Amino acid sequence: MRKLLLGLAAVLAAFATLAAAEGEPAGEFDYYVLALSWSPNWCAQEGDARNADQCDARHDHGWTLHGLWPQYHRGWPSYCRSAEAPPSRAMSRQMADIMGSAGLAWHQWKKHGTCAGLSARQYYSLMREAYTRVTRPAVFRKLDKTVTLPASVVEEAFLQENPSLSRDSLTITCRDGAIQEARICLSKALDPVPCGRDVIKDCTLKDARLAPVR
């Protein structure tokens, strides 16, 4: 009996591991988080060391699309079980103009897109639509040198350019003393909605770095 119980426990553990590896069901979430990254800061912190093509001055990147993330009111799904085929390399390359690289687009599909309950083509299209619906403040593209400023200034700029947004649907994040991302909470129809408590974590720095567009 002891051997039987141990064997049953091993089988159950194996099934549990398999279920965890497969992730949550696709399409079951409450809202999206649209993440926009200030590319010059990412390049200064990571991209240059990687010799990332995104950081080449010929691209002139400012706010790039990091991703469109399915979100629960508390927490988020990732690497979901999906019967949808992954995007082709050509489809991912077509996203590089707003995301910086095909590799990032593919990673976003694998980690987040599989949870949206959409095909890869639909998810990429929805990401692009969400990105184009948000007006990225042009003022930051006029910088000719790295500046320090309160993170709240970046938030105010987004609010002024996007009257449909409110403070509870937008958050600015920082990393290592620099502006990192603007994160905007959207419904499944891409209308602004209040962010959950685990998303609204505004950067409070008064001297956050912001590097100029290259």
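The values are calculated or read from the model by the stated rules, or taken from the named source; none is laboratory data. Predicted model, so just to flag it, every value in this text is computed and none were measured. A quick note on method: Cβ atoms are made from the backbone with ideal geometry, for glycine too, and the neighbour counts reach across all protein chains shown. Protein only, heavy atoms only, side chains kept; ligands, DNA and RNA dropped before computing areas. Shrake-Rupley method; radii C 1.70, N 1.55, O 1.52, S 1.80 Å.
Gain on full extension, evaluated as 0.36 nm per residue between ARG81 and ILE98 minus their Cα-Cα distance, stands at 3.4 nm.
These residues, LYS188, LYS201, go from largest to smallest accessible area, 1.4 Å probe, as LYS201, LYS188.
Put a dot 7 Å past the Cα of ILE200, heading toward its Cβ, do the same for THR146, and the two dots end up 3.3 nm apart. Figure note: LEU65, LEU149 ranked by solvent-accessible area, largest first, 1.4 Å probe, ligands and nucleic acids not counted: LEU149, LEU65.
For the chain, a crude dipole built from +1 on the beta carbon of Lys and Arg and -1 on the beta carbon of Asp and Glu, taken about the Cα centre, is about 440 debye to the nearest 20.
Per residue, the convex hull spanned by the Cα atoms of the stretch 141-214 measures out at 100 cubic angstrom. Rg/Rh for the chain (Cα atoms only, Rh after Kirkwood) is 1.06. Going toward the positive end of the dipole of the chain, with +1 on Lys and Arg Cβ and -1 on Asp and Glu Cβ, which of GLN122, ALA151, TYR32 do you reach last? Most positive-ward Cα: GLN122. Pairs of lysine residues in the chain that meet both criteria, 8 or more places apart or on different chains and Cα atoms under 28 Å apart, total 9. Ellipticity at 222 nm from helices only: DSSP H runs of n ≥ 4 in the chain, each -39500 (n - 2.57), divided by the residue count, give -9500 deg cm²/dmol. Assuming charge only on the beta carbon of Lys and Arg (+1) and of Asp and Glu (-1), the dipole of the stretch 71-179 about its Cα centre is about 380 debye to the nearest 20. Solvent exposure of the chain amounts to 54 Å² per residue of accessible area, where only protein heavy atoms count and the probe is 1.4 Å. Ignoring ligands, DNA and RNA, what percent of the accessible area of the stretch 49-104 is carbon or sulfur (1.4 Å)? The nonpolar share, carbon plus sulfur, comes to 50 percent.
Can you find, among ALA138, GLY75, ALA96, the residue sitting farthest towards the positive end of the charge dipole of the stretch 74-143, where Lys and Arg contribute +1 and Asp and Glu -1 at Cβ? Selected residue: ALA138. For the stretch 118-214, the dipole from Cβ point charges (+1 on Lys and Arg, -1 on Asp and Glu) about the Cα centre works out to 320 debye, to the nearest 20.
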